[in-house]
1. In a GNM of the chain with a 10 Å cut-off on Cα contacts, which of GLN213, GLN86, GLN71 has the highest mean-square fluctuation?
2. Of LYS75/LYS164; LYS110/LYS141; LYS72/LYS222, which sit over 32 Å apart, Cα to Cα?
3. Over the chain, with a Gaussian network built from C-alpha contacts below 10 Å, which listed residue (ARG25, ARG106, ARG50) shows the highest mean-square fluctuation?
4. Return the calculated 222 nm mean residue ellipticity for the chain, to the nearest 500 deg cm²/dmol, obtained by summing -39500 (n - 2.57) across DSSP H runs with n ≥ 4 and dividing by the residue count.
Amino acid sequence: MKKILALWAIPRSTSTAFETMMRERGDFFVSHEPFALSFYYSEDRCNTTRCPDIVPNAKYNFSSTWEKLQQKNEKQRVFIKDMGYQVIPIANEDFLSCFENTFLIRHPAKTLPSLFEIWPDFTLEETGYVELNRLFEIVNKMSGKISILIDSDDLVQKPEATIKAYCNAVGIPFIQEALKWKSKIKPEISQLEGGWHNYLQSTSGFQARKEKQYVKIEDNQKLKDAYDFCLPYYQKLYENRLVIN
């Protein structure tokens, strides 16, 4: 049985566009952030301030979610996209060895204003940079090599070359047709509240977003502090990115 292919990411990094491309391929069962429900809504939940009034549900426990993914992978190879910080609580070697672990990053100058618009009370943990860096280091130590890591700017600016390089690195065929999709509502990617994927659902492929009037980092102390905190971790990860020619 082949390993589950995982893309570990940070919020607002165009990861759901990547997930949509994987769904368009048709050769994977694609799971959208399965561990988000474990992190926020389960009996194991690690954050009790984001959704304080919910009743924790055992069906979302990390062990239940993990068991379902393994069962699904026995029938059809699974691809998951999830945030690194949502899986760190269970990210030991036994767990991570069941995945082909790949990573996606994006500059905090682009992620943080977008995250702030949806979650103005976001925590540093929810920016995802520290946890993704930890996950990257754990996986590299396990494998003895640098894991596959792509940067969002490459994905948006050079989608065909980036996806070709990714497919080659993980040993799956490149499918040209998967780079385009229909602009429509995608209920399979809607879990957390807040309009996370409104823009994606209006697109038909990887593309740079037209400039939006987000709160500027330099005009907001919370964003300035978060930017200063996240930038070194992004830069460290960026040094190990897959270089796209």
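Every number here is computed from the coordinates shown, using simple stated rules; none is lab data. The structure presented is a predicted model; accordingly, all values stated were derived computationally and were not measured.
1. GLN213
2. Working: LYS75/LYS164 26 Å; LYS110/LYS141 29 Å; LYS72/LYS222 41 Å.
From LYS75/LYS164; LYS110/LYS141; LYS72/LYS222, over 32 Å: LYS72/LYS222.
3. Maximum among the listed residues: ARG50.
4. Working: 11 runs with 107 residues, N = 245.
One gets -12500 deg cm²/dmol as the mean residue ellipticity at 222 nm.
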